[in-house]
Number of protein chains: 2
Amino acid sequence: MNEFMQAALEEARKSLAEGGVPIGSVLVHRSRIVGRGHNQRHQQGSVILHAEMAALEDAGRQPASFYREAVIYTTLSPCPMCSGAILLYGIPRVVIGENRSFLGDEAHLEASGVSLEVMDDSYCREMMKAFISEHPELWNEDIGE
Amino acid sequence: MNEFMQAALEEARKSLAEGGVPIGSVLVHRSRIVGRGHNQRHQQGSVILHAEMAALEDAGRQPASFYREAVIYTTLSPCPMCSGAILLYGIPRVVIGENRSFLGDEAHLEASGVSLEVMDDSYCREMMKAFISEHPELWNEDIGE
């Protein structure tokens, strides 16, 4: 696994250790991690701090040109909200740990010209599968179901 | 103007008074305001707290059934991120103050079955027009341009 997905996975593990939804993300600019974060529904009671949103917030205010050279790594397929944030800022590339546990708005991202890479990582998959099985209410709330 | 758009506009005015982007939003559930907020880019240095996101966050964690009975009011057409959040939570109806200063991802919302009402309010329009003219850098940053 590459170092950036590894960092996203570390974020997911942190969340799991805190009793939260185990999804992590890092924002990478010119091969350097500039923002990292994990889901904060359980921890902060947040309905908007999904992993990708937390990573974007962690990177802080940036000019448009910055995002155009960025790549976002996330352990799970980005939901419609996170996909929309990626489109708002014009991030051209998304690397996804897996999309079997949950398929986000990949179609809208691709139709909008965003390049997607799905790693189909077995560790990411097993972590989500176990979490969804153990905490279905928290998981369903997080995806609006 | 109806009372809910009036409340969204009050949020926008608060933001303007704080030196921020003058966009406000309220989340309404069964004819009661349950969340309100305004853009926090200038005030908190946030890249994710657009008005609609702030209103959703203010309403706190809710079950899916709650959002299905909600309406979100916003003084300006919702950007791709905010549109994605509306889709994530399955909010069926969006009332928009105006969409001439900025046209968000209304096409994606409508294609996904969300009901939109655009009030084309002259006060909302003039407020945004003046702000964009006076603070083009802050505005462009907020829409990823």
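For the protein assembly as shown, the calculated P(r) over all alpha carbon pairs, in 5 Å bins from 0 to the bin holding the longest distance, is 1, 6, 13, 18, 19, 17, 13, 8, 4, 1, 0, 0 percent. Restricting the trypsin sites (Lys or Arg not before Pro) of the stretch B:48-145 to loop positions (DSSP other than H, G, I, E, B) with no more than 16 neighbouring Cβ atoms within 10 Å leaves B:Arg61, B:Arg100. Per atom type, the stretch A:72-112 shows carbon and sulfur on 47% of its accessible surface, probed at 1.4 Å. Site pair B:Asp120 and B:Arg100 shows an inter-label distance of 0.8 nm when each label is modelled 7 Å from Cα along Cα→Cβ. Sorted from shortest to longest, the distances between the A:Asn140 label points of this copy and the other copies are 4.7 nm, with each point 7 Å from Cα along the line through the beta carbon. Position B:Gln43: other-copy label points at 2.5 nm, ordered by increasing distance, label point 7 Å along Cα→C-beta. Taking amide H positions as modeled 1.01 Å from N, with prolines and chain starts lacking one, the residues under 5 Å from B:Arg36 and 5 or more places away or on another chain are B:Leu27, B:Asp58, B:Ala59. Distant-in-sequence amide contacts of A:Gly24, defined by a placed amide H-H separation under 5 Å and a gap of 5 or more residues or a different chain, comprise A:Ala12, A:Thr75, A:Leu76. A:Gly37 sits among other residues whose Cβ lies under 14 Å from its own Cβ, and their net charge, with Lys and Arg +1 and Asp and Glu -1, is -2.
For the stretch B:1-123, the normalised intensity computed at q = 0.11, 0.22 Å⁻¹ comes to -0.30, -1.31 (log10 of I(q)/I(0), Debye sum over alpha carbons, equal scatterers, no solvent). Overall, chain A carries a charge dipole of about 480 debye about its Cα centre when +1 sits on the Cβ of Lys and Arg and -1 on the Cβ of Asp and Glu, all other atoms neutral. The listed residues B:His50, A:His108, once ranked by accessible area (1.4 Å probe) with the largest placed first, stand as A:His108, B:His50.
Placing +1 on the Cβ of every Lys and Arg and -1 on the Cβ of every Asp and Glu, with nothing else charged, gives the stretch A:1-46 a dipole about its Cα centre of roughly 120 debye. Each other copy holds its own label point for B:Arg68; taking that point as 7 Å from Cα along Cα to Cβ, the gaps run 4.3 nm, nearest first. Taking the Cα centre of the protein assembly as shown as reference, the dipole from Cβ charges on Lys and Arg (+1) and Asp and Glu (-1) amounts to some 300 debye.
Closest approach of a chain B beta carbon to the axis mapping chain B onto chain A (residue, whole Å): B:Gly84, 1.
Per the Kirkwood treatment, what hydrodynamic radius in Å, one decimal, follows for the stretch A:51-145 from the mean inverse distance over all distinct Cα pairs?
Across the stretch A:51-145, the inverse of the average 1/r is 13.9 Å.
The values are calculated or read from the model by the stated rules, or taken from the named source; none is laboratory data. Because the structure is a prediction, the values reported are computed rather than measured. As a convention, Cβ positions derive from the backbone with ideal geometry for all residues, glycine included, and neighbour counts pool all protein chains shown. Note: accessible area is taken over every heavy atom of the protein model, side chains too, but ligands, DNA and RNA are not part of it. Shrake-Rupley method; radii C 1.70, N 1.55, O 1.52, S 1.80 Å.
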